[in-house]
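As structure tokens, the structure follows; a few thoughts come after it.
The values are calculated or read from the model by the stated rules, or taken from the named source; none is laboratory data. Just so it is clear, the model here is predicted, and its values are computed rather than measured. Note that each Cβ is placed from the backbone with ideal geometry, even for glycine, and that neighbours are counted across all protein chains shown. Areas reflect the complete protein model, heavy atoms only, side chains present, ligands, DNA and RNA absent. Shrake-Rupley method; radii C 1.70, N 1.55, O 1.52, S 1.80 Å.
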Amino acid sequence: MPEDGAGCSVRRLHWPWGAKAVLALLCLVMVPCSVYLILPTRGQQQQLEPPGWDIAELQLNHAGPRQDPRLCWQGGPALGRTFLHGPELDDGQLRVRRKGIYRLHIQVTLANCPSRQISVPRNATVTVGICASTAYSLMRLPFNGHCTVSSQRLAPLAVGDALCTNLTLPLLPSQNADQTFFGIQWVHPGT
């Protein structure tokens, strides 16, 4: 017994060369139009860009004894792994140029620690806050007798906010860029 479909003849259509040319021309016109309709517009592409265009990774800019609790930072291609894209440095403090929610991260290691000559005071802390407002602290990190503190968090920042990082006096931070660093990254436009 023959299988289903066996013995059925399929009629092949013969296209004249003119019909083939019209079909090819239609494909050439329709494919770019459909690709154009599928691709997002310029405004949509900006929304799809990954966050992080406003980003900074800084190292300590310090020499000699400290008279001010503020830590001063520096960044740029000449310093190796530091960079600034968007935010700017204003007298060693990081100033935000775009409103949004940022991921802040900091690590501070004390110089000459651990050492028998240095004992970390019980109230020793690193704080990160907005410079203009002494009451507005974003992070307060106690050393708790250790030589290093580090943390990260999300915080809403406005255009023009300058971030101050303070270390309890008279403690000295390590100059090593692997031990003491500070940075921010824009992650969301906020509300």
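Give me, ordered by chain and number, the residues 5 or more places off Gly190 or on other chains with an amide H under 5 Å from its own placed amide H.
Answer set, sorted by chain and number: Ile101.
Hey, rough spin-label estimate for Asp91 and Arg153, points 7 angstrom out along Cα→Cβ, what's it come to in nanometres?
Going by the 7 Å Cα→Cβ label model, 2.5 nm.
What part of the accessible area of the range 76-131, given as a whole %, is carbon or sulfur when the probe is 1.4 angstrom?
In the range 76-131, the share of accessible area belonging to carbon and sulfur is 48 percent.
Report, by chain and number, residues whose modeled amide H sits under 5 Å from the one on Leu71, excluding near sequence neighbours (fewer than 5 apart, same chain).
Thr165, Asn166, Leu167
Which of rounded, prolate, oblate describes the range 60-191, given a ≥ b ≥ c as roots of the alpha-carbon gyration tensor eigenvalues and a/c under 1.5 marking rounded, otherwise prolate only if a/b is larger than b/c? Could you put the intermediate results ahead of the total?
Details: a/c = 1.97, a/b = 1.55, b/c = 1.27.
Note, shape of the range 60-191 comes out prolate.
Order Glu88, Glu57, most accessible first, counting only protein heavy atoms with a 1.4 angstrom probe.
Largest accessible area first, the list is Glu88, Glu57.
Would you please give the residues with an amide H less than 5 Å from that of Leu94, counting only those at least 5 places away or on a separate chain, with H modeled from the backbone geometry?
Leu163
With a Förster radius of 22 Å, plug the Cβ-Cβ distance of Leu79 and Leu169 into 1/(1 + (r/R0)^6) and report the FRET value to the nearest 0.05.
0.30
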